[in-house]
Amino acid sequence: MARRRFLAAAGLALASAAAARPLAAQARIDREGLARVEAYLNALTTLRARFLQVAQNGASAQGTALISRPGRMRFDYDPPEPLLLVASGGQVLMYDRELRQPTAVPASSTPLGLLLRPEIRLAGDITVTGTERSAGFFRVGLHRTGARAEGLLTLTFSEQPLELRQWTVLDSQGRETRVTLYEVQTGIALPDRLFDFNDPRFLEAEQQRR
């Protein structure tokens, strides 16, 4: 039970992290790299992948991640973890199937909400804190401009080909929640019902799965 509570907290950290330290300061930001990332994210319509989530204390969980842009995301944790995280309709829902307990926060106030926008621009109301290139990966640190307390999101992309592979959220105490993607598929059909938690039948179906 304690482990589940920690994983649930780590999951919500993806949705509501507090202020975090920036990516290592650099003399300049790689604008060419940012332009490639922008183009990739805006061209991304759907994504399905397996994920590994690792929290600061070493607790880990796996599952399946779904993204349907704009506006929708789902993290379905493998048993025995009873957790489900879904973003849709401007909200992020964390649902414990065992306790039948939902918790919701506005998507606009979450670090991952940046990925769900109809149009992603890494400027203006998004502040890029740094970029870093190493070992075939390109990392971007960012937060919503004027809302650093919502958390800092670091995105990691493989470069050849360019592909989202990991994100990290840091909380105000320096605790890290890291999600790594593998077996990534893009451009696939994802039914709307997978994300429609405002329909009462959605939670009824999730309760029956346990």
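The values are calculated or read from the model by the stated rules, or taken from the named source; none is laboratory data. Given the structure is predicted, the values throughout are model-derived calculations rather than measurements. Heads up, the Cβs are rebuilt from the backbone with ideal geometry, glycines too, and the neighbour counts pull from every protein chain shown.
(1) under 26 Å from Ala61 (Cα atoms); (2) surrounded by fewer than 17 Cβ atoms within 10 Å (Cβ to Cβ); (3) modelled with pLDDT of 90 or more: which one isn't true of Pro106, the others all being true?
(3) is the only condition that Pro106 fails.
Scan the stretch 176-195 for residues that are surrounded by 15 or more Cβ atoms within 10 Å (Cβ to Cβ), in contact with a Lys or Arg (Cβ under 9 Å, 6 or more places away or on another chain) and of a type in the set (A, V, I, L, M, F, W, C) and jot them down.
Residues satisfying the conditions are Leu181, Val184, Leu190, Leu194, Phe195.
Can you say whether Ala87 is modelled with pLDDT of 90 or more and over 17 Å from Ala147 (Cα atoms), as far as the supplied structure shows?
yes
Output the strands (runs of 3 or more DSSP E) that fall wholly within the stretch 93-170 and possess 1 or more residues being within 19 Å of Ala49 (Cβ to Cβ) and among the aromatic types (Phe, Trp, Tyr), or say none.
By residue number, 137-144, 152-159, 162-170.
State which residue pairs qualify: first residue free of Cβ contacts under 8 Å to residues at least 24 places away in the same chain and inside the stretch 62-87, second residue among the β-branched types (Val, Ile, Thr) in any location, beta carbons under 8 Å apart, and separation of 6 or more residues or different chains.
Asp76/Thr64; Asp78/Thr64
Spot the failing condition for Arg121; the list is (1) surrounded by 15 or more Cβ atoms within 10 Å (Cβ to Cβ); (2) among the basic types (Lys, Arg); (3) within 20 Å of Leu47 (Cα to Cα), and only one is missed.
(1)
Out of the residues in the stretch 42-67 that are modelled with pLDDT under 95 and small (Gly, Ala, Ser), which is surrounded by the fewest Cβ atoms within 10 Å (Cβ to Cβ)?
Gly58
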